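Encoded as structure tokens, the structure appears first; notes follow it.
The values are calculated or read from the model by the stated rules, or taken from the named source; none is laboratory data. Keep in mind that this is a model prediction, so the values were computed, not measured. Here the Cβ is made from the backbone with ideal geometry for all residues, glycine too, and neighbour counts use every protein chain on show. Please note that ligands, DNA and RNA were not included when accessible areas were found on the heavy atoms of the full protein model with its side chains. Shrake-Rupley method; radii C 1.70, N 1.55, O 1.52, S 1.80 Å.
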Amino acid sequence: MPSLPDVTASLDSVRRRLAAAAHRVNRLPSDITLVVVTKTFGPDLVRAAAAAGQRVFGENRVQEALAKRDALSDLPLDWHLIGHLQTNKVRKAVGAFGLIHGVDSHELLEKINRVAGDVGVKQRILLQVDLAGETTKSGVPEAGLPALVQAAVEAPHVDLAGLMTIPPRPDEPESSRPWFARLRQLRDSLVVQGVPADRLKDLSMGMSGDFEIAIEEGATIVRVGSAIFGARD
Ligand SMILES: *Cc1c(COP(=O)(O)O)cnc(C)c1O
């Protein structure tokens, strides 16, 4: 478990790397949201990162996220759900997360829309795309994306903000580049086909091993855990 001062230093270093990657491609670091991924780590480390100025945190399990959110309810944090959401957890998740990254089916989309309508919120979401066709992974296949985007644009209680992907585990950071470029191209072609650009503004891509490459390829949201907190058990 890293000590609290370590968290400040490693968060600083990730922020510097993020800014350097943005500058390499003439982008503004402020246009990129760093989601600090705290899964498996306790509330104390979240608090340390918050003390270092971090506001946005990512978790991949609803239960674990809500427990941390409750333990830290004195802080003004923005929690993102980055993992797969099961339909039976939708009721707990809607309204609790500022952004749900992993929406990947019509069934899930419809349930989120229905629950958001019930509780009177507009839920921000991203659609997760499985670019490599990995059967073990969540995500809508590329071929199914246009119809899912259309449904999300039309759903009155969700606010579609863009796309998310998790490429195959990279051997080296550069192996992820074609996948990140592909997600950007998919977005661009959907916009050419008439999807309003502000519905697809965000691209959530890049983790500890490849977030700088993702930024070079247009990521607006990167999800970084182990580069800040060290390896998870
Ligand atoms: C765990 C996780 C991350 C962070 O992974 P690191 O390699 O530790 O940065 C990012 N995105 C998702 C969806 C995750 O589940």
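Return the aspartates and glutamates within reach of LYS201: Cα separation strictly under 17 angstrom, same-chain partners fewer than 8 residues apart disregarded; answer none if there are no such residues.
ASP31, GLU154, ASP159, ASP188, GLU216, GLU217
Where the accessible area of the chain is counted over protein heavy atoms with a 1.4 Å probe, how much of it, in %, is carbon and sulfur? It would help to have the intermediate numbers written out before the result.
Numbers: 5330 of 10570 Å².
The C+S portion of the solvent-accessible surface of the chain is 50 percent.
Determine the shape class of the range 21-96: with a ≥ b ≥ c the square roots of the Cα gyration tensor eigenvalues, call it rounded for a/c under 1.5, and otherwise prolate if a/b is greater than b/c, oblate otherwise.
Working: a/c = 2.43, a/b = 1.48, b/c = 1.65.
It is oblate, given that a/c is not under 1.5 and a/b is not larger than b/c.
What are the equivalent ellipsoid semi-axes of the chain, built from the alpha-carbon gyration tensor (square roots of five times its eigenvalues), in whole angstrom, biggest first? Provide the component values of the computation, followed by the final result.
Numbers: eigenvalues 139, 103, 47 Å².
Listed largest to smallest, the semi-axes of the chain are 26, 23, 15 Å.
If Lys and Arg each add +1 and Asp and Glu each add -1, what is the summed charge of the other residues whose beta carbon sits under 15 Å from the beta carbon of ALA9? Don't jump to the answer; show the numbers that get you there.
Details: positive: ARG15, ARG16, ARG17; negative: ASP6, ASP12.
In short, +1.
Starting from the amide H of GLN128, placed 1.01 Å from N in the peptide plane, find each other amide H under 5 Å away whose residue is 5 or more places distant or on another chain.
For GLN128, the qualifying residues are VAL103, ASP104, VAL140, MET164.
Charges at C-beta only: +1 for Lys and Arg, -1 for Asp and Glu. How large is the resulting dipole of the chain about its Cα centre, in Debye rounded to 20? Walk me through the numbers before you get to the answer.
Details: 28 positive and 29 negative charges, 71 e Å.
In total the dipole reaches around 340 debye.
Return the sequence-ordered ³J(HN,Hα) values of the range 120-136 in whole Hz as given by the Karplus equation 6.51 cos²θ - 1.76 cosθ + 1.60 applied to θ = phi - 60°, using x for Gly and Pro.
Listing the rounded values in order: x, 10, 10, 8, 6, 9, 10, 9, 8, 10, 9, 6, 8, x, 7, 5, 7 Hz.
Under 16 Å between alpha carbons: how many lysine pairs meet that in the range 51-183, if sequence neighbours fewer than 8 apart on the same chain are excluded? Please list the in-between numbers first.
Details: LYS68/LYS92; LYS89/LYS111; LYS92/LYS111; LYS92/LYS122; LYS111/LYS122.
Lysine pairs meeting both conditions in the range 51-183 amount to 5.
Under the Karplus relation 6.51 cos²θ - 1.76 cosθ + 1.60, θ = phi - 60°, what is the ordered set of whole-Hz ³J(HN,Hα) values for the range 193-208, x standing for Gly and Pro?
6, x, 6, x, 4, 6, 7, 10, 5, 8, 10, 8, 7, x, 10, 3
Within the range 215-232, list the residues whose amide N lies under 20 Å from a label point set 7 Å along Cα→Cβ of SER175.
Label zone hits: 215-217, 223-227, 231-232.
What is the sum of charges around ALA21, taking Lys and Arg as +1, Asp and Glu as -1, for the other residues whose C-beta is under 9 Å from the C-beta of ALA21? Before the final figure, lay out the partial values.
Working: positive: ARG17, ARG24, ARG27; negative: GLU212, GLU216.
Net of charged neighbours comes to +1.
Can you give me the distance in nm between label points at ASP74 and LEU28, each placed 7 Å from the Cα along the Cα-to-Cβ direction?
If labels sit at ASP74 and LEU28, their model points lie 3.5 nm apart.
What are the ³J(HN,Hα) couplings of the range 153-162, residue after residue, when phi is run through the Karplus curve with 6.51, -1.76, 1.60 and θ = phi - 60°? Round to Hz, x for glycine and proline.
Working through the residues one at a time gives 4, 7, 6, x, 10, 10, 10, 6, 10, x Hz.
For a quick check: with amide H placed at 1.01 Å from N, whose amide H comes under 5 Å from VAL37's, ignoring anything fewer than 5 positions away on the same chain?
It is GLY58, VAL224, GLY225, by chain and number.
Would you grab the residues whose amide H sits under 5 Å from the one on GLN123? Only those 5+ places off in sequence or on another chain, please, with H modelled 1.01 Å from N.
Amide H to amide H, under 5 Å and 5 or more residues apart or across chains, GLN123 pairs with VAL158, ASP159.
Which value, in Å², gives the accessible area per residue of the chain when a 1.4 Å probe is used on the protein heavy atoms? Spell out each step's value before the answer.
On the way: 10570 Å² over 233 residues.
Each residue of the chain exposes 45 Å² on average to a 1.4 Å probe.
If you average the C-alpha positions of the range 89-150 and of the range 185-208 separately, how far apart do those two centres end up, in angstrom?
15
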